[in-house]
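Below is one structure, written out as structure tokens; comments come after it.
The values are calculated or read from the model by the stated rules, or taken from the named source; none is laboratory data. All values derive from a computational prediction rather than experimental measurement. Side chains are part of the model used for accessible areas, which takes the heavy atoms of the whole protein and leaves out ligands, DNA and RNA. Shrake-Rupley method; radii C 1.70, N 1.55, O 1.52, S 1.80 Å.
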Amino acid sequence: AVSARAAAPDAAVKRRWFNRLADPLSKDTLSEQRAAMKGLFPREQDALRASFSRDFFAALETLAASKDDEFLSAFTESLAPNVCSQESLDSFDAFLAKNPSLPSVVLKSLRVARHEDSLCLAARAKK
């Protein structure tokens, strides 16, 4: 139910759920948070995902200081703004360059997402 509510293709709904997930003092359980994260940005909603790019990176800096690796891994893997665009690739590069001392679980997830973006862009360029 949580995942389905978070998946609604409405920017206001996304904002409410994102703010809950990005709140370091959230009272939601990790299970509830994971469900919301997994449902928040289905692949057919990449435009909405991209619109949260700045918010994602800002929240990640704050959350990295207060959340455990399990949460950070889920947050990064589920919400990273890899949308197969040069802008998203540039965002990853800038954030990674600026934040080399983030927890290793975060850096790994971001590097994987960045790599997926680069592969997608390369595939599109070959078409």
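The table that follows gives values for the structure above.
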| read-out | value |
| --- | --- |
| Listed residues ALA74, ALA22, ALA97, most fluctuating in the chain (Gaussian network, C-alpha, under 10 Å) | ALA97 |
| Percentage, to the nearest whole number, of Cα pairs in segment 19-65 over 13 Å apart | 61 |
| Solvent-accessible heavy-atom area per residue, rounded to whole Å², over the chain at 1.4 Å | 55 |
| Residue-by-residue Karplus 3J(HN,Hα) for segment 36-46, coefficients 6.51, -1.76, 1.60, Hz, glycine and proline x | 5, 4, 5, x, 4, 10, x, 4, 6, 10, 4 |
| Heavy-atom accessible surface of the chain: percent carbon and sulfur, 1.4 Å | 54 |
